[in-house]
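Trainee: Okay, here's the structure, questions in a sec.
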Amino acid sequence: MKPIFEGTCTALVTPFKEDHINFPLFRRLLERQINNGVKAVVVCGTTGESATLSDEEKLDLFAAAVDCAGGRIPVIAGTGSNCTKHSVFLSKIAEKLGVDGLLLVSPYYNKTTEAGLVAHYRAIADSVSLPCILYNVPSRTGMDISVEVCKELAQHPNIQGIKEASGNISKVVQLCSQCPKDFYIWSGNDDQTVPIMSMGGKGVISVLSNLYPKELSTLTQLCLDEDFEAASQLQAQLWPYMDAMFCEVNPIPIKAAMRLAGYDCGRCRLPLSELSVKNQIKLASLLQ
């Protein structure tokens, strides 16, 4: 199976207006991504504040994204949760709504065994006919998807690969060397895009591309063209912005940055707070 995308995929923010989803702005943001060369979008990922969205809101966002994208780029739905039954439920409906793939975060809080993790992902992948991407982000979930688990799950025909956001480059090397060639790896950290793609990664699922879709698209295309010297130079130029997006918990900084750029996506839902005044000043200075 070919990868669902190669290059830059934006983990879209969810714009709010008075705590309701701002669908006109959501469509505007998605159009901007497509027009600037992004190859796919994730809807209702971590950056989209999936943890504080209701099921109804998630399904409405999936439907809106599918309608707006109109088949021009893949729409990947974030349907993972710490409850297997709930993830299966969302995944089945997302498939009916026409999404092109699923992003499945590892179960948080439950901290299952490796056997439970394999069973969890298999149950979701068995319930749909869509390509599924595992999402490893131990800083959020409290557990790591090991190389051994990836090797086992790579045998499932619907599991395409992994969004690797552990920050562990040594682990990426092991994934590249021990997993099948058609188990694809995408960087889950903007600042590791070039290193991971230089080892065979297929792209990045990006936070910063909300703000700079064209620049991130250029970066990943340089990597796909194997021009890693130019890619490294561009990565270095973009690094201050990548770093700034994590001065506080994601997506607090990116939503503040979008507002400064003229896209008022509203505040994050509690318990995520507003960006501190100190970091607002730093961010405004950087974006000038």
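The values are calculated or read from the model by the stated rules, or taken from the named source; none is laboratory data. Being a predicted model, the structure only gives us computed values, none of them experimental. Positions of Cβ are generated from backbone atoms using ideal geometry, with glycine treated the same way; all protein chains shown enter the neighbour counts. Accessible surface areas use protein heavy atoms only, side chains included; no ligands, DNA or RNA. Shrake-Rupley method; radii C 1.70, N 1.55, O 1.52, S 1.80 Å.
Trainee: Report the paramagnetic label zone for His20: residues of the range 36-53 whose backbone N is under 12 Å from a point 7 Å from Cα along the Cα-to-Cβ axis.
Mentor: none
Trainee: Under a point spin-label approximation (7 Å from Cα along Cα-to-Cβ), what is the Val147-Leu260 distance to one decimal in nm?
Mentor: Here the modelled spin labels are 4.0 nm apart.
Trainee: Something else: Using each residue's phi in the range 170-178, evaluate 6.51 cos²θ - 1.76 cosθ + 1.60 at θ = phi - 60° and report the 3J(HN,Hα) Karplus result to the nearest Hz, with x for Gly and Pro.
Mentor: My calculation for the range 170-178 gives 4, 5, 4, 4, 5, 4, 5, 8, 10 Hz in order.
Trainee: Also, quick follow-up: Checking the cross-link filter: which aspartates and glutamates have an alpha carbon closer than 16 Å to that of Lys17, excluding same-chain neighbours under 8 positions apart?
Mentor: Glu49, Glu57, Asp60, Asp264, Glu274
Trainee: Given Cα pairs under 8 Å that are at least 6 residues apart, what percent is the relative contact order of the range 114-177?
Mentor: 39
Trainee: In square nanometres, what is the average projected area of the Cα convex hull of the range 161-288?
Mentor: 8.5
Trainee: Taking one equal scatterer on every alpha-carbon of the range 100-248, how large is log10 of I(q)/I(0) by Debye at q = 0.16, 0.17 1/Å?
Mentor: Log10 I(q)/I(0), no solvent term: -0.87, -0.97.
Trainee: With label points built 7 Å along Cα→Cβ from the Cα atoms of Glu56 and Ile281, find their separation and express it in nm.
Mentor: Taking the simple label geometry, Glu56 and Ile281 are separated by 4.3 nm.
Trainee: Something else: Treating only the Cβ of Lys, Arg, Asp and Glu as charged (+1, +1, -1, -1), what charge dipole size does the range 178-288 show about its Cα centre? Round to the nearest 20 debye.
Mentor: Dipole of the range 178-288, to the nearest 20 debye: 540 debye.
Trainee: May I ask what percent, to the nearest 5, of DSSP beta bridges between residues of the chain are antiparallel?
Mentor: DSSP beta bridges in the chain are roughly 5 percent antiparallel.
Trainee: Taking 0.36 nm per intervening residue step and subtracting the Cα-Cα distance, what contour gain separates Arg267 from Phe246 on full extension?
Mentor: 5.9 nm
Trainee: In debye, nearest 20, what is the charge dipole magnitude of the range 137-191 about its Cα centre with +1 on Lys and Arg Cβ and -1 on Asp and Glu Cβ, if you could check?
Mentor: Its charge dipole is roughly 60 debye.
Trainee: On to the next question. Which lysines does Lys181 reach when only Cα atoms under 17 Å apart count, and residues fewer than 8 places away in its own chain are ignored?
Mentor: Correct list for Lys181: Lys2, Lys151, Lys163, Lys171, Lys202.
Trainee: Let me ask something else about it. Keeping the other protein chains in place, figure out the carbon and sulfur percent of the accessible area of the chain, with a 1.4 Å probe.
Mentor: C and S atoms contribute 51 percent here.
Trainee: A further question on this structure: Take the range 1-90, drop everything but the C-alpha atoms, weight them equally and run the Debye formula without solvent; then report log10 I(q)/I(0) at 0.14 Å⁻¹ to two decimals.
Mentor: -0.48
Trainee: Restricting attention to the range 102-161, which trypsin sites (Lys or Arg not before Pro) occupy a DSSP loop and are surrounded by at most 13 other Cβ atoms within 10 Å?
Mentor: Answer in residue order: Lys111.
Trainee: Quick check: residue separation of Ser139 and Tyr109 times 0.36 nm, minus the Cα distance between them. What number comes out in nm?
Mentor: Using 0.36 nm per residue and subtracting the Cα-Cα distance, I get 9.6 nm.
Trainee: Starting from the residue with the highest accessible area, list His86, His20 in decreasing order, probe 1.4 Å.
Mentor: His20, His86
Trainee: Out of Val118, Ser170, Leu272, whose Cα points farthest toward the positive end of the dipole of the chain (charges: +1 Lys, Arg; -1 Asp, Glu; placed on Cβ)?
Mentor: The listed residue farthest towards the positive side: Leu272.
Trainee: So if R0 is 30 Å, what FRET efficiency would Ile169 and Asn35 give, r being the distance between their Cβ atoms, rounded to the nearest 0.05?
Mentor: 0.35
Trainee: When a/c is below 1.5 the answer is rounded, else prolate if a/b is larger than b/c, else oblate, so apply that to the range 91-160 with a ≥ b ≥ c taken from the square roots of the Cα gyration tensor eigenvalues.
Mentor: Judged from the Cα gyration tensor, the range 91-160 comes out prolate (a/c at least 1.5, a/b above b/c).
Trainee: Quick one: dipole size for the range 108-203, taken about the Cα centre, charges +1 on Lys/Arg Cβ and -1 on Asp/Glu Cβ, in debye to the nearest 20.
Mentor: 40
Trainee: Now, a different point. For a quick size check, give me the Cα extents of the chain along its three principal axes, largest first, whole Å.
Mentor: 48, 45, 35
Trainee: Tell me the mean residue ellipticity at 222 nm calculated for the chain from its helices only (DSSP H runs of n ≥ 4, each -39500 (n - 2.57), averaged over every residue, nearest 500).
Mentor: Calculated from helices alone, the mean residue ellipticity at 222 nm is -13500 deg cm²/dmol.
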